[in-house]
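A.B. asks: If you scroll down you'll find the structure; I have some questions about it.
Each reported figure results from applying straightforward, stated rules to the coordinates on display, with no laboratory input. None of the values given here were measured: they were computed from a predicted structure. We place every Cβ from the backbone using ideal geometry, glycine too, and count neighbours over all the protein chains shown.
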Amino acid sequence: MRETISDWLMAISGPLLLGSLFLAWSHQISTGVRARYGGTAALAGIPADPTAWQVYSGADVLLALVAGGLFAVALWGGRGRRIALALALAVAFVFVLHAMSVPPTNGVTIFDPTLTPPGYSANPVSSGTGEVLALIALALGGIGVGLAFTVD
């Protein structure tokens, strides 16, 4: 029964992790900045809520490989594969935690001469729903892998 539960946890967490890469990983344009400068050319072509595919150049592919690994280990198992997957999950978990605490974009900096005194508009950057879902998926996958080790 534990093996079945662990396989299902890994099989579910793989697609969840892959799906998280298509959600917003950063809110680089705050609501206030979007309301004030949205109609101007200052924000033209800048995605307000970029996905992991838009923000990263390599980490997104590695997270997609971890997602595939979760699904593959759920289907084909094996102690060696589970050990490799556990290491990959640990690295991915630390990466996502870091990305949540330090958003992957610097946001948008707009100089506004109409401010008193003239200066840059405040634009707080925050993490997105994709990071939260990735963290949940990695936790479920880690629980699944951990549970699979108790079966051996």
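A.B. asks: Within the set of pairs 6+ apart or on separate chains, which have a first residue in the stretch 117-130 that is surrounded by fewer than 13 Cβ atoms within 10 Å (Cβ to Cβ), a second that is part of a loop (DSSP other than H, G, I, E, B), and C-beta atoms under 6 Å apart?
C.D. replies: Pairs found: TYR120/THR109; PRO124/SER30.
A.B. asks: Can you go through LEU89, LEU62 and tell me which one is closer than 30 Å to MET1 by Cα, surrounded by 13 or more Cβ atoms within 10 Å (Cβ to Cβ) and hydrophobic (A, V, I, L, M, F, W, C)?
C.D. replies: That would be LEU89, the only listed residue that is closer than 30 Å to MET1 by Cα, surrounded by 13 or more Cβ atoms within 10 Å (Cβ to Cβ) and hydrophobic (A, V, I, L, M, F, W, C).
A.B. asks: Then there is this: Can you report the number of residues in the stretch 1-59 which are surrounded by 15 or more Cβ atoms within 10 Å (Cβ to Cβ) and of a type in the set (A, V, I, L, M, F, W, C)?
C.D. replies: Here the count works out to 19.
A.B. asks: How about the stretch 1-94: which helices (runs of 4 or more DSSP H) wholly inside it have at least 3 residues that are more than 21 Å from the chain's Cα centre (by Cα) and within 24 Å of ASN123 (Cβ to Cβ)?
C.D. replies: By residue number, 31-37.
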